[in-house]
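A quick write-up on the structure given underneath.
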Amino acid sequence: MYLLPTWRKWLIVATLSLIGLDICLLSSCWSLSTDIMDEYHVSHEVFVLGISLYIFGMACGPLFLSPISEFYGRRSTYILGLVLCMCFQVVTCFSKNFGAMLFGRYMSGLFGSVFLSVAPGTIADIFSKETIGVPLSVYSLTPFLGPNLAPALAGGITQSPINYMWTFYILLIFTGALFVLLLIVVPETYRPVLLKRKAAELRKSTGNKDLYAPLEKSQQSLFRSIITAPKRPLSVLIFDPMMTVLCFYSGVILGIVYLFFVSIPYTFKQVYHFNIFEQGLAFLGMAVGMFSSSISSQYFSKLYLKLCKKNGHPEPEFRFPSLMAGGILAPVSLILLAFTTYKQCHWIGAIISSGIYGLSTGLIITSIFTYTVDAYKLYAASGAAANTFTRCTMAAIFPLFGLQMYQGLGIHYATLLLACVSLLLTPVPFIFYKFGKTLREKSPYAWTDDE
């Protein structure tokens with residue numbers, strides 16, 4: 001697949017990135033659709049389940065769907081996942097029961113999650129080790145831009161005279177359009193499946209019935225694949241020390257992002273008296289910060305190539321400089337946010353601080369994504385699934401206690417507590433940059449120089 005024209009490769013990346021953006025727009029569009037509380041007479045704690053269950057669905061989905069993609073192909077998994085995601089979006093849009101809406105949210109997240117875990121494998125299929133940095137950075141950024149763009153849409157619609165459900169209708173239409181684009185643009189790229197198809201063609205053209213691809217010799221059924229699918233991602237998560245720590249790191253960082261979906265509206269309402277639309281616009285600072293991290297990917301990609309040249313061959317740990325930068329910026333930005341959310345300070349200070357946190361999030365997530373693809377090769381989808389499960393589980397939990405924490409500790413102390421947690425993780429990339437190769441060589445899943 002390396003022989004595809006460059007424009008075609010980037011068209012595939014753009015399509016997968018847009019779908020990833022859409023799936024994550026859905027995750028946070030609920031946050032400012034606060035009319036739901038009035039219509040269904042539920043408390044804020046119950047309302048937040050609409051965010052948490054969707055994200056928890058995103059955590060569970062890759063455990064079953066990602067390894068299936070390694071058995072049946074990436075394109076088939078995409079099509080199945082997006083069709084079912086749309087079906088359950090319809091449940092959310094047109095259900096008259098709050099419980100059914102929550103069920104639709106969970107299932108939409110479950111099936112939409114395939115794009116967050118399988119797509120890095122597709123990108124690894126079509127780009128070489130030396131050129132994968134920038135496209136993977138672009139892809140890994142868009143799913144994290146989505147959550148910060150959706151509140152502006154949801155807040156604007158909630159503030160307007162039209163029905164708040166139009167937030168969900170618009171995203172359902174957008175998903176349908178992207179499904180058509182997926183069918184047209186994205187081919188199968190997984191080599192074992194391509195070999196299986198080639199073997200079938202050769203059997204037909206030559207009449208030789210003994211020509212079989214390795215994948216065809218597998219006796220594992222679809223049902224058994226689904227039942228055993230979580231084994232490999234969980235094994236990667238549990239038995240690979242680096243992945244365990246990196247997954248936890250990305251979980252904390254993303255958990256704070258999703259905690260912001262309850263804390264930022266509360267903070268900007270209490271301190272600056274923002275209305276619901278203005279609260280949604282407050283998230284654009286983080287979106288700009290995350291977008292800025294994609295610009296910096298050019299620098300870190302060049303640094304990666306420079307390190308490869310100096311070393312004589314590439315190492316996955318050469319992806320960590322951006323993680324180092326993000327690890328420093330995260331606690332700094334949260335400290336700034338804590339000290340700028342005062343009535344005496346202009347609101348732009350808090351927006352800029354959140355933007356710096358968005359920049360750090362983009363750098364951290366991108367670095368961990370590219371490391372996973374570089375280090376796990378054939379098991380890239382399972383490694384990404386392990387990462388997605390951890391960070392989405394933590395992202396689902398954080399909003400459940402976010403508002404209570406901010407009300408109990410106060411805006412400033414609560415934010416400082418988050419800064420302290422992120423500060424404790426700052427040394428991680430520096431330690432792994434030095435000792436990562438040794439740890440990776442002990443992993444049964446990671447790539448080594450001998451392979």
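Please state which of the following conditions S33 fails to meet, knowing it meets all the rest: (1) buried (at least 17 other Cβ atoms within 10 Å of the Cβ); (2) more than 21 Å from R391 (Cα to Cα); (3) modelled with pLDDT of 90 or more.
(3)
Taking only the range 248-277 into account, find how many residues are surrounded by fewer than 22 Cβ atoms within 10 Å (Cβ to Cβ), out of contact with any Phe, Trp or Tyr (no Cβ under 6 Å at 6 or more places or on another chain) and of a type in the set (F, W, Y).
Looking only at that region, the number is 2.
Among helices (runs of 4 or more DSSP H) lying entirely in the range 299-410, which contain 1 or more residues that are crowded, with 22+ Cβ neighbours inside 10 Å and either in contact with a Lys or Arg (Cβ under 8 Å, 6 or more places away or on another chain) or of a type in the set (K, R) (or both)?
Filter on the range 299-410 gives 347-376, 380-409.
Report every pair of residues separated by at least 6 positions or lying on different chains whose Cβ atoms are under 7 Å apart, first residue within the range 428-451 and modelled with pLDDT under 85, second crowded, with 17+ Cβ neighbours inside 10 Å and among the hydrophobic types (A, V, I, L, M, F, W, C).
G436/M242; L439/M242; R440/M242; R440/A375; R440/A446; Y445/V236; A446/A375; W447/A375
I'd like the full set of residues that are buried (at least 16 other Cβ atoms within 10 Å of the Cβ), aliphatic (A, V, I, L, M) and either in a helix (DSSP H, G or I) or touching a strand residue (DSSP E or B) at 6+ places or on another chain (Cβ under 7 Å) (or both), limited to the range 220-244.
Correct list: V236, L237, M242, M243.
Return the only residue of Y106, Y40 being at pLDDT 95 or above and among the hydroxyl-bearing types (S, T, Y).
Criteria check complete, one pass: Y106.
If the Cβ limit is 8 Å and pairs must be 6+ apart or interchain, which residue in the range 1-26 that is touching a residue at least 60 places away in the same chain (Cβ under 8 Å) pairs with which residue that is surrounded by 16 or more Cβ atoms within 10 Å (Cβ to Cβ) and acidic (D, E)?
Within 8 Å, the pairs are M1/D125.
Results for (1) more than 30 Å from H41 (Cα to Cα); (2) in contact with a Pro (Cβ under 6 Å, 6 or more places away or on another chain); (3) of a type in the set (F, W, Y), shown as yes or no for each residue.
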| position | (1), (2), (3) |
| --- | --- |
| L102 | no, no, no |
| V114 | yes, no, no |
| G121 | yes, no, no |
| E130 | yes, no, no |
| G133 | yes, no, no |
| Y139 | yes, no, yes |
| L149 | no, no, no |
| A152 | no, no, no |
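The values are calculated or read from the model by the stated rules, or taken from the named source; none is laboratory data. Here the structure is a predicted model, which is why all the values come from computation and not from measurement. Using ideal geometry, Cβ is built from the backbone for each residue, glycine included, and neighbour counts are taken over all protein chains shown.
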